[in-house]
Each structure stands twice: as structure tokens, then as C-alpha cells.
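So the structure is just underneath, and the comments pick up after that.
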Amino acid sequence: MDHAVVRRILGLPEDKKLILFGAGSATSDKRKGFHLLVDALKKLETQINPADYELVVFGSSSGDLPFLMKTHFLGALNDEISVALVYAAADVFVAPSTEDNLPNTVLESLSCGTPVVAFNIGGMPDMIAHRENGYLASGFDTAELADGLLWVLKDQHRQQVLSGEARNMIVQSFTLRCSAGRYRSLYEEMLEIA
């Protein structure tokens, strides 16, 4: 979907770079890493003009924000259309989780063609190909997380390439047909062994 159209629908600025973060209990569940995101954004602000960037948060209606970047809290999103619109409005999705296996938010973001920046933990490298459809920072290194956000956001052409690759990753590896085929192959292999 076109960024400008989606942003108009959601009442988000068309002239800013939008960083998206979200999860169930986004700002209060320590495992989702909002505290690490706050630290990364404070570091990012030393490299950018904070007036040109805004944070969008879903899954929470408030949070402690010790940085200058304007923040939009969207609360809980309860339907697929709203979720898809928010991902489509964003320039990048950030997943600063401290522990996660295969988070739906990352799959949803990639499905909508929005690159993802996350820590290289758990199942993140199963979905995010470093510098191909997003960026993987070393575990819990908030300076590197900030660098990853900047790397995605500072080059419009690179961001478009990452966006296309994000969608391609889902189509090639995470559709229901792909998953069912992998399960079928696994079951057939197990039957041959038995």
C-alpha cells in the first residue's frame, strides 16, 4: 500500500520517517524490550534530527519516553486490516525483544513489505536476513540497534530494496503452502526412518 495514503487514513505524518514498535503489552512486558528500544532511540537521536523521525507504538496506550522523538500510541489493534495499515505506514519495524522464538509481529511486518531491525537472538535470524530484508544487531547492543535503524532509514533506495526483499522472504518461505510442504517432508522423512 502507498505510504502517503495509509498515513492519511491513520492520521500519521506523511513527511516523517516512521519507526514502528508493537506487541501485546508492548511497553510493560520486559521481554518485548521497550526499555532497550528507549535506550537505542536516545542513541539514534545523537545521529539524526529527532524532528524528522517519529515512533509509532501499538499494543500500548502510553509509556515512559525520555527522548525527543514524537511518539504515537495506537493502543491495541484488534483486526487484520488495522494491523496491515500500520505496518504499511511504517518505514521500519523494530523488534528489540530479549527472548522470542518466531514472533508474529516480525512475520506481519515482513508480509507487509516493512523491513525489520532486531537483535540476533532466538528465531529472528530465521526470518530476517541481515542487510537483505532488515538488520540484525548483536544481542542487546542498543548502539548497534540504533545503527541498524539508521542504516535502514537513511537511504530511500536501500529501504525500497529491503521492502521488496521483506515481502519476497514471506512469499518464498512462510506461506501456508511452504509451511505445509516442510511439515510433509519432515513427516515423510520420519516415516522412512521408522
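The values are calculated or read from the model by the stated rules, or taken from the named source; none is laboratory data. Only a predicted model underlies this, so the values are computations on that prediction, with no experimental measurement involved. Note that we place each Cβ from the backbone using ideal geometry, even for glycine, and neighbour counts take in every protein chain shown.
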| If you check 148, 164, 134, which single one turns out to be among the small types (Gly, Ala, Ser) and closer than 19 Å to residue 85 by Cα? | 164
| request: Select from the range 151-164 the residues that are assigned to a helix (DSSP H, G or I) and without any contact (Cβ under 8 Å) to a residue 40 or more places away in the chain and write down the one among them that is surrounded by the fewest Cβ atoms within 10 Å (Cβ to Cβ). | output: 157
| said: So if I check each of 71, 98, which one is among the hydroxyl-bearing types (Ser, Thr, Tyr) and touching a helix residue (DSSP H, G or I) at 6+ places or on another chain (Cβ under 7 Å)? | reply: 98
| request: Answer with yes or no whether residue 108 is acidic (Asp, Glu) and over 11 Å from the mean Cα position of the chain (by Cα). | output: no
| request: Test each condition in (1) surrounded by 14 or more Cβ atoms within 10 Å (Cβ to Cβ); (2) under 18 Å from residue 114 (Cβ atoms); (3) among the hydrophobic types (A, V, I, L, M, F, W, C) for residue 48 and report the one that comes out false. | output: (2)
| message | Residues to consider are 83, 117, 94; find the one that is at pLDDT 95 or above and either in a helix (DSSP H, G or I) or surrounded by fewer than 19 Cβ atoms within 10 Å (Cβ to Cβ) (or both). | response | 83
| message | Among the residues in the range 169-185, are any closer than 20 Å to residue 18 by Cα and without any contact (Cβ under 8 Å) to a residue 12 or more places away in the chain? | response | no
| query | When both residues are 6+ apart or on different chains and their Cβ atoms are under 6 Å apart, which pairs have a first residue that lies in the range 58-86 and is more than 18 Å from residue 30 (Cα to Cα) and in contact (Cβ under 8 Å) with a residue 12 or more places away in the chain, and a second that is of a type in the set (A, V, I, L, M) and assigned to a loop (DSSP other than H, G, I, E, B)? | reply | 71/65; 83/77
| request: Could you figure out which of (1) in contact (Cβ under 8 Å) with a residue 40 or more places away in the chain; (2) under 24 Å from residue 61 (Cβ atoms); (3) out of contact with any Gly (no Cβ under 6 Å at 6 or more places or on another chain); (4) of a type in the set (Gly, Ala, Ser) isn't true of residue 113? | output: (2)
| said: On the basis of being surrounded by fewer than 16 Cβ atoms within 10 Å (Cβ to Cβ), of a type outside the set (Lys, Arg) and outside any helix (DSSP H, G or I), does residue 63 make the cut? | reply: no
| query | Right, residue 9: within 14 Å of the chain's Cα centre (by Cα) and β-branched (Val, Ile, Thr) or not? | reply | no
